[in-house]
Amino acid sequence: MARLTEEIKGLIDKQKVITVATASKDGLPNVVPMSFVKVYDDDNLLIVDNFMNKTRDNLENNPNMAICVWDTEKKKSYQIKGNVSIHTSGTVFDAAVSWVKEVNPKLQPKSAVLLRVDKIYVCQPGSDLGKEL
């Protein structure tokens with residue numbers, strides 16, 4: 001299992017929108033923009049399900065997810081992959097609801113998705129392209 005570095009945490013914090021990729025049980029890919037993605041702890045990301053349909057169905061049938069974060073000024077980019085757990089109650093869900101309500105009280109989160117970071121890859125061009133951290 002990979003750990004989120006301070007550099008990668010900073011990149012995630014700066015993103016306004018993060019691309020989230022899933023696949024159906026048959027392998028059909030799905031990529032969506034998500035604005036409620038943040039670092040939960042050193043090993044997990046929190047993704048809030050406000051409007052997920054295909055993505056949620058994919059995750060229920062295939063818990064693999066990948067995201068990509070980047071900083072065009074610093075020319076840094078990383079792909080993060082892992083498995084998810086879906087929470088509709090409890091501590092993780094409560095944290096997601098609290099965060100969303102602070103940003104937009106009108107939204108009603110359906111669930112909280114916790115992405116356990118298993119692998120991190122370098123995505124920027126150069127000699128480290130594709131390297132696993």
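Bear in mind that the values in this text are calculations on the coordinates, not laboratory data. What you see is a predicted model; the values in this text were computed from it and never measured. Heads up, the Cβs are rebuilt from the backbone with ideal geometry, glycines too, and the neighbour counts pull from every protein chain shown.
Observations, loosely collected:
- For a straight C-alpha distance cut-off of 24 angstrom, the lysines reachable from Lys74 (same-chain residues fewer than eight places away being disregarded) are Lys9, Lys14, Lys16, Lys38, Lys119, Lys131.
- Furthest towards positive pole of dipole, Leu11, Ala21, Phe51, structure part the chain, Cβ charges: Phe51
- The label point for Asn50 and the one for Leu133, both projected 7 Å from the Cα toward the Cβ, are 2.6 nm apart.
- Cut-off 18 Å (backbone N to label point 7 Å along Cα→Cβ of Asp26), residues of region 59-97: 59-63
- Taking a straight line from the alpha carbon of Lys110, these lysines sit under 16 Å away, with near neighbours fewer than eight places off in the same chain left out: Lys54, Lys101.
- Cα-centred dipole magnitude for the chain, charges only on beta-carbon of K, R (+1) and D, E (-1), debye, nearest 20: 300 debye
- The chain: relative contact order as a whole-number percent, Cα under 8 Å and 6+ apart: 26 percent
- Euclidean distance of C-alpha centroids, region 31-64 and region 73-112, integer Å: 7 Å
- Put simply, when 19-32, 37-50 are sorted by average Cβ atoms within 10 angstrom per residue, most first, you get 37-50, 19-32.
- Gain on full extension, evaluated as 0.36 nm per residue between Asp43 and Asp118 minus their Cα-Cα distance, stands at 26.2 nm.
- Degrees, to the nearest 10: 91-103 long Cα axis against longest axis of the chain: 90 degrees
- Between Ser35 and Glu60, the distance separating the two model label sites (each 7 Å from Cα on the Cα→Cβ line) works out to 2.6 nm.
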